[in-house]
Amino acid sequence: MKTRLCFALLVFQLFAVAADKAPAEASSKAVRKITAAELEDKVRGGWAGQMIGVTYGAPTEFRFLQKINDQPRDWKPEELAGALDQDDLYVEMTFSDVMDRLGLNATSDDYGEAFKNSKYQLWHANLAARRALLRSVKGSMSGNPKYNLHPNDIDFQIESDFIGLMTPGMPRAAQRYAQRVGRVMNYGDGLYGGIFIAAMYSAAYFESDPRKVVQAGVAAIPAGSIYAQVINDVLRWSKENPSDWKKTWQLLEDKWDRDDACPEGALRPFNIDASLNGAYVAMGLLYGDKNFEKTMEIAMRGGQDSDCNPASAGGILGTMIGYKAIPAKWTDPLPTIADKKFSYTNYSYNTSVEKTIERAKQVAKLEGGKVEADSLVIPLETPDALKLEQFKPGKLVERIAFTDSRWKFTGSWEKMDKEWAVSQGSNGSGSEAVVTFRGTGAILTGTLRPEGGLFDVYLDGKRMGTRDAYTADGERYREGLWGNFDLAPGEHKLRVVVKGQPFRTSTGAWVNLEGLVVYEN
């Protein structure tokens, strides 16, 4: 009996050891390899593709709104040097620098701190985020609709390329780093736009079919999000109309180019929404036949943010085919600027490539892979299921311009007709502006300026706090000054009271109002 028991225990132990080893052995097979030479070629292709794409589309940026660009584009090699001054590139280097200084465990607050101290000009979600950061909001919240009226805008989408490039074949890692960086300036579909782009770069290292790359990108974001619905529509329409990208563009326009929540784009042809512009990137890849110029051309001709879109499409395709496969017409001028630094950074094209490769090796090891003498061993992984979050302020109802009779101004207001905005302005203490409206949400629009001052906001008689119309970078911006999106249905009264006081280092106390954007759920 004792012998049989010992034998049984021995068999059990052997089985347990075998079972213990089985997952490790199975996981060791679930890897992919990329040689050091292939990795460098693809990283170089990705960075070069961004630089080429943004200069290819730069002259058309926001010149074609709700219409296809039918003007021919004759790109000149000398234009490539302009990439060094493009925010599509130097802003993302702010965040890659945080990783290189603080490590891959850097937090949203770490990225926010670096962004807060940046000196370059910003717009939309980026501008709103930096304003929030400078007013003591943490980086983990500066993209949240509570502090940022542009959560669905394109900003993170054009700054997430570096994350995809440093996570070859590792979409789960791409999601993780993208969420930390993207929350600094975006939320919901704005955040998902950056994850979508990063996941496509990640997939492009091992996938030669552009359709599968787009599918990999959308698989990394919640299926229930508006962003995923838009991209899935493009995937379906491109299959139904395989040789007619303009038909797909029109279907996209008819269904999705509406209700842009951005204060500047609301009820106007201008649309900086991440999902619409992301759809143009997807169209370039789906209809571009892996042809570098054709891919950029279609992404650019869709219009709207037509320098950012070919930059993303060119970068993703450049990663897929590698630097050596990009036609020489586009890469011949690169060696002459490859060691020149991008504006506001310590990074050049060559150092960006080197740092990306270093980070890719670190990520691979953290994900369970390893670095070999002449290759990188990458664990096979699928993206995580992300929790759905959406910023849906409602259907746009109207814009009530300051000239509308529903606005009542008392005190020292004056109409200002400037090249930067037409508005009603006052710097007099106690000057008031009151407007009544019907809706469940609203954004007060006006002008940020170096002479901007303080004002109080009252909604239905309740004080909502003090806001400011100041910007510290010396520029002037048409912008949302205040917003609320959870109002009870019915009529509401908004009252703005000018304090006649500068904000911090402002050179004046001006408050300039353009109007009110109204939403209805």
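Worth pointing out:
- Selected residue (criterion: farthest from Gln179 (Cα to Cα)) from residues of segment 79-109 that are hydroxyl-bearing (Ser, Thr, Tyr) and assigned to a helix (DSSP H, G or I): Tyr90
- In segment 348-357, residue nearest to Gly45 (Cα to Cα) [restricted to those that are in contact (Cβ under 8 Å) with a residue 60 or more places away in the chain and out of contact with any Leu (no Cβ under 8 Å at 6 or more places or on another chain)]: Val353
- Test set (1) in contact with a strand residue (DSSP E or B) (Cβ under 6 Å, 6 or more places away or on another chain); (2) closer than 18 Å to Ile400 by Cα - Asp468 fails condition number: (2)
- Selection of segment 492-512 for residues being surrounded by fewer than 19 Cβ atoms within 10 Å (Cβ to Cβ) and in contact with a Ser or Thr (Cβ under 6 Å, 6 or more places away or on another chain) yields only Lys493.
- Residues of segment 395-432 that turn out to be of a type outside the set (Ser, Thr, Tyr) and under 8 Å from Val498 (Cβ atoms), as a count: 5
- Residue check for Thr471: surrounded by 15 or more Cβ atoms within 10 Å (Cβ to Cβ) and hydroxyl-bearing (Ser, Thr, Tyr): yes
- Unique residue being farther than 26 Å from Arg258 by Cβ and not hydroxyl-bearing (Ser, Thr, Tyr) when the list is Leu487, Leu481, Leu444, Leu459: Leu459
- Looking only at segment 339-370, and only at residues there that are part of a helix (DSSP H, G or I) and among the acidic types (Asp, Glu), the one that is farthest from Leu80 (Cα to Cα): Glu358
- Residue within segment 233-241 that is closer than 27 Å to His124 by Cα, modelled with pLDDT of 95 or more, in the same structural domain as Gly190 (by TED's automatic domain parsing) and surrounded by fewer than 21 Cβ atoms within 10 Å (Cβ to Cβ) present: yes
- Going through (1) assigned to a loop (DSSP other than H, G, I, E, B); (2) within 17 Å of Ala313 (Cα to Cα) one by one, Gly217 falls short only on (1).
- Checked against the criterion of being of a type in the set (Phe, Trp, Tyr), at pLDDT 95 or above and either touching a Leu at 6+ places or on another chain (Cβ under 6 Å) or assigned by TED's automatic domain parsing to the domain that holds Val213 (or both), the candidates Trp413, Trp482, Trp407 yield just one match: Trp482.
- Lone unmet requirement of (1) touching a helix residue (DSSP H, G or I) at 6+ places or on another chain (Cβ under 9 Å); (2) over 22 Å from Thr319 (Cβ atoms); (3) loosely packed, with under 14 Cβ neighbours inside 10 Å for Lys341: (3)
- Lone qualifier among Val496, Val511, Val435 - being in contact (Cβ under 8 Å) with a residue 24 or more places away in the chain, outside the structural domain of Arg131 (by TED's automatic domain parsing), closer than 30 Å to Lys119 by Cβ and in contact with a strand residue (DSSP E or B) (Cβ under 9 Å, 6 or more places away or on another chain): Val511
- Selection of segment 32-84 for residues being of a type in the set (Lys, Arg) and over 19 Å from Lys294 (Cβ atoms) yields Arg32, Lys33, Lys42, Arg44, Arg63, Lys67.
- Tally of residues being among the charged types (D, E, K, R) and in a loop (DSSP other than H, G, I, E, B) across segment 110-167: 5
- Counting the residues of segment 373-396 that are aliphatic (A, V, I, L, M) and either part of a strand (DSSP E or B) or at pLDDT below 95 (or both) gives 6.
- Sub-9 Å Cβ pairs linking a first residue in segment 373-397 that is small (Gly, Ala, Ser) to a second residue that is at pLDDT below 95 and part of a loop (DSSP other than H, G, I, E, B), at least 6 apart or interchain, are Gly394/Asp259; Gly394/Ala261; Gly394/Asn521, ordered by first then second residue.
- Every residue from segment 266-292 that is surrounded by fewer than 24 Cβ atoms within 10 Å (Cβ to Cβ) and out of contact with any helix residue (DSSP H, G or I) (no Cβ under 7 Å at 6 or more places or on another chain): Ala266, Leu267, Arg268, Pro269, Phe270, Asp289, Asn291
- Residue check: Trp420 meets all listed conditions (1) over 30 Å from Arg268 (Cβ atoms); (2) within 26 Å of the chain's Cα centre (by Cα) but one, namely (1).
- Scan of segment 113-144 for residues that are surrounded by fewer than 19 Cβ atoms within 10 Å (Cβ to Cβ), within 26 Å of Leu388 (Cβ to Cβ) and not polar (S, T, N, Q), ordered by number: Lys138
- Ala472 of a type in the set (A, V, I, L, M, F, W, C), assigned to a loop (DSSP other than H, G, I, E, B) and on the phi < 0 side of the Ramachandran plot: yes
Residue-wise test of (1) of a type in the set (Ser, Thr, Tyr); (2) within 27 Å of Ala223 (Cβ to Cβ); (3) over 20 Å from the mean Cα position of the chain (by Cα).
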position: Val234; (1), (2), (3): no, yes, no
position: Tyr287; (1), (2), (3): yes, yes, yes
position: Asn291; (1), (2), (3): no, no, yes
position: Gly302; (1), (2), (3): no, yes, no
position: Ile321; (1), (2), (3): no, no, yes
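- Single residue of Glu381, Glu479, Glu398 found to be closer than 30 Å to Ala173 by Cα, of a type in the set (Asp, Glu), under 29 Å from the mean Cα position of the chain (by Cα) and surrounded by 15 or more Cβ atoms within 10 Å (Cβ to Cβ): Glu381
The values are calculated or read from the model by the stated rules, or taken from the named source; none is laboratory data. Owing to the predicted nature of the structure, the values given are computational and were not obtained by experimental measurement. So basically every Cβ, Gly included, is an ideal-geometry build from the backbone, and we count neighbours across all protein chains shown.
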